[in-house]
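Below is one structure, written out as structure tokens; the observations come after it.
The values are calculated or read from the model by the stated rules, or taken from the named source; none is laboratory data. Bear in mind the structure is a predicted one, so any value in this text is a computation, not a measurement. Methodologically, a virtual Cβ is constructed for each residue, glycine included, from the backbone with ideal geometry; neighbour enumeration extends over all protein chains shown. Please note that ligands, DNA and RNA were not included when accessible areas were found on the heavy atoms of the full protein model with its side chains. Shrake-Rupley method; radii C 1.70, N 1.55, O 1.52, S 1.80 Å.
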Protein chains: 2
Amino acid sequence: VVCAHASPAGHCPPGLDSFSHATADVAERVLTSRAWRVARRDLNAERFDPVQPTGEAQNTTSRDDLVERHCAELAAADLIGVFHPNCWGQPPAILKGWIERVFRLDTAYSYAQGVGFESVPVGLLKARRALVFNTSDTTAACEAEVFGDPLDTLWRRYVFGLCGVSDVSRRCYGPVAGSAAEQRHAWLLEVEAIVNAAALTPR
Amino acid sequence: VVCAHASPAGHCPPGLDSFSHATADVAERVLTSRAWRVARRDLNAERFDPVQPTGEAQNTTSRDDLVERHCAELAAADLIGVFHPNCWGQPPAILKGWIERVFRLDTAYSYAQGVGFESVPVGLLKARRALVFNTSDTTAACEAEVFGDPLDTLWRRYVFGLCGVSDVSRRCYGPVAGSAAEQRHAWLLEVEAIVNAAALTPR
């Protein structure tokens, strides 16, 4: 399993970030208890650089060893988990840079021979399943009705859809601001149940 | 006018990035010729750091002078332009970090007294109008029909919508890969026409 989590730069309302970390903690605990090997990556803690040097653009390798390790983990993973706050309807910048550098050509997707970049790529990832856990200060209903829930489209249809990961479970918990301890506990129980079910399915 | 443009990290198909720069060049030329003062920002060239130090999270000021200059420019702008390739249905990471650090609390939006972060913020920007120019290797129709065009939602409804910029014109040109010189010229003429019309409206 690859588990990546990240916080936004700048203003993040109190609780949103730490509750996102709590969802990653639960997932790691459940997977480890089920004897999965977990590569947990806190992008902020490891100071992942979301901006690739210009000279590396279009390359399928990086001079940054950390990026190479991430790519190897991603390619080998049976299950992928991402954990982050909803930040302007998008992942935090550091996680967006992780997508750009790690879900790269010839690692996560490719093009059939003889077709150009304007054609639909072929997914290369081994994992068939991904779990996305978001935290938010809007409700899931508001996110879906008012904004059309772009995060769902971004993860399910773009990133995982184009890389061959067809089974994506996504949950968004919120509003976290002002939520009761009992409510947060209930959310974490749901994370536990979802990860536990995923851990039981064949790899 | 604030004009920010940026390229994705990692793999960017040939032409997408340079054509995005070409759209920014046209906009700058038109606006300057109409006697607008333009603050053009090439985020990659100025090595904008998309990841804010953790200690600055939730702050309304930054110790990074470049961020402060961006915030002052954004607050003073009558018109905002952004130019970037479509990168997984999202802006490049460096531009996402620009949103996180520059469209910050008390610069771009705020909350009414006595309400929490779970409520809808109040937009603070002076600009009422924004122009978004994207380049892509899908067609606009594919982007809209297959993916629901999340970039449109992200800019129009989240970023500008929540910050008080109600009038957003957005165009996405593509596929750039394999496009004829004549086609790219026609796209740039449209950029010119759109920016010219915006430059003529009262500030």
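Hey, can you tell me all the residues within the stretch A:91-122 that are buried (at least 18 other Cβ atoms within 10 Å of the Cβ) and either without any contact (Cβ under 8 Å) to a residue 60 or more places away in the chain or farther than 22 Å from B:Leu95 by Cα (or both)?
Selection gives A:Lys96, A:Gly97, A:Glu100, A:Arg101, A:Val102, A:Arg104, A:Thr107, A:Ala108, A:Tyr109, A:Phe117, A:Glu118.
Cβ-Cβ contacts under 7 Å between residues 6 or more apart (or on different chains), taken from a first residue in the stretch A:17-40 that is hydroxyl-bearing (Ser, Thr, Tyr) to a second residue that is assigned to a helix (DSSP H, G or I) and open to solvent by 20 Å² or more (accessible area, probe 1.4 Å), are listed as A:Thr23/A:Leu188.
On inspection, A:Thr201 fails the criterion of being within 14 Å of chain B (Cβ to nearest Cβ) and among the polar types (S, T, N, Q). Entry remark, the stretch B:37-88: residues being among the small types (Gly, Ala, Ser) and farther than 23 Å from B:Gly123 by Cα number 2 in total. Going by the structure shown, is B:Gln58 open to solvent by 50 Å² or more (accessible area, probe 1.4 Å), of a type in the set (S, T, N, Q), at pLDDT below 85 and part of a loop (DSSP other than H, G, I, E, B)? It is true that B:Gln58 is open to solvent by 50 Å² or more (accessible area, probe 1.4 Å), of a type in the set (S, T, N, Q), at pLDDT below 85 and part of a loop (DSSP other than H, G, I, E, B). Condition check: polar (S, T, N, Q) and at pLDDT 90 or above. Does B:Ser7 satisfy that? Answer is no for this residue. Within the stretch B:84-117, the set of residues being facing chain A (nearest Cβ under 7 Å), within 20 Å of B:Ser136 (Cα to Cα) and part of a helix (DSSP H, G or I) comprises B:Ala93, B:Ile94, B:Lys96. Set side by side, the residues A:Val195, A:Val159, A:Val165 differ, and just one is more than 9 Å from chain B (Cβ to nearest Cβ), under 18 Å from the mean Cα position of the chain (by Cα) and assigned to a helix (DSSP H, G or I), which is A:Val195. Taken over the stretch A:168-179, the criterion of being away from chain B (no Cβ under 13 Å) and either over 15 Å from A:Gly89 (Cβ atoms) or surrounded by fewer than 16 Cβ atoms within 10 Å (Cβ to Cβ) (or both) is satisfied by A:Val168, A:Ser169, A:Arg171.
Checked against (1) at the interface with chain A (Cβ under 9 Å from one of its Cβ atoms); (2) under 12 Å from the mean Cα position of the chain (by Cα); (3) hydrophobic (A, V, I, L, M, F, W, C), B:Val120 meets all criteria but (2).
Against the numbered list (1) at the interface with chain A (Cβ under 10 Å from one of its Cβ atoms); (2) open to solvent by less than 50 Å² (accessible area, probe 1.4 Å); (3) within 26 Å of A:Asp149 (Cβ to Cβ); (4) outside any loop (DSSP other than H, G, I, E, B), B:Val67 comes up short only at (3). Being more than 9 Å from chain A (Cβ to nearest Cβ), in contact with a strand residue (DSSP E or B) (Cβ under 8 Å, 6 or more places away or on another chain) and more than 30 Å from B:Leu200 (Cβ to Cβ) is the requirement here; does B:Pro150 meet it? Answer is no for this residue. The residues listed here are B:Glu182, B:Glu145; of these, the one that is more than 9 Å from chain A (Cβ to nearest Cβ), modelled with pLDDT of 90 or more, assigned to a helix (DSSP H, G or I) and over 12 Å from the mean Cα position of the chain (by Cα) is B:Glu182.
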